[in-house]
Amino acid sequence: MRDLRARMERLSAAAAWMDELAAEWSTREHVGRADEGRITATVDAVGTLRALDIHPLSMRGLDSRALAEAVLKAVRRAEAAAREAQEAMLRGGLDAAGVPHLTGLLDDARRAFGQRTSSSDTDRRPPP
């Protein structure tokens, strides 16, 4: 019974700590760059685009297709940075709660979801 009570206290403390972390994390912004740093995309903690800066050299030096690809690359890099930060925060919280094995379960669920999504996208594509 004492062991169960100690676990519950650790979980409660970890939940409070995660709430604080989540509040702090939600204010973060993440940056992605492309075209030698001349294109900068900034997203919020959940990956919503907040700013896009394109240096005049990129506007003049890239054709429309290359510019679009560079912008997308910068945005994707910023989104990836936001996802990595979110996962690091979640892993830290689970470790602090004393339940690091849940991280493995979350990774398995994420992989399974990704596989289902990619296979359903393939099913929706028109035949070549």
Of the criteria (1) buried (at least 18 other Cβ atoms within 10 Å of the Cβ); (2) modelled with pLDDT under 95; (3) of a type in the set (Lys, Arg), which one Arg7 fails: (1)
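Report yes if Gly98 is modelled with pLDDT under 95, of a type outside the set (A, V, I, L, M, F, W, C), open to solvent by less than 60 Å² (accessible area, probe 1.4 Å) and closer than 30 Å to Gly37 by Cβ, otherwise no. Walk me through how you get there before you give the answer.
Working: modelled with pLDDT under 95: yes; of a type outside the set (A, V, I, L, M, F, W, C): yes; open to solvent by less than 60 Å² (accessible area, probe 1.4 Å): yes; closer than 30 Å to Gly37 by Cβ: no.
No: the conditions fail for Gly98.
For the stretch 50-66, enumerate the residues that are of a type outside the set (Gly, Ala, Ser) and under 20 Å from His30 (Cβ atoms).
Pass one, the stretch 50-66, residues of a type outside the set (Gly, Ala, Ser): 50, 52-57, 59-60, 62-63, 65.
Scanning the stretch 50-66 gives Arg50, Leu52, Asp53, Ile54, His55.
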In the stretch 1-41, the residues that are closer than 21 Å to Leu62 by Cα and hydroxyl-bearing (Ser, Thr, Tyr): Thr40
Members of the stretch 36-78 found to be touching a His at 6+ places or on another chain (Cβ under 8 Å) and at pLDDT 95 or above, listed by number: Arg38, Ile39, Thr42, Val43, Ala78
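The values are calculated or read from the model by the stated rules, or taken from the named source; none is laboratory data. Every value quoted in this text rests on a predicted model; they were computed, and no experiment measured them. Using ideal geometry, Cβ is built from the backbone for each residue, glycine included, and neighbour counts are taken over all protein chains shown. Accessible surface is based on the protein model in full, side chains and every heavy atom, while ligands, DNA and RNA are left aside. Shrake-Rupley method; radii C 1.70, N 1.55, O 1.52, S 1.80 Å.
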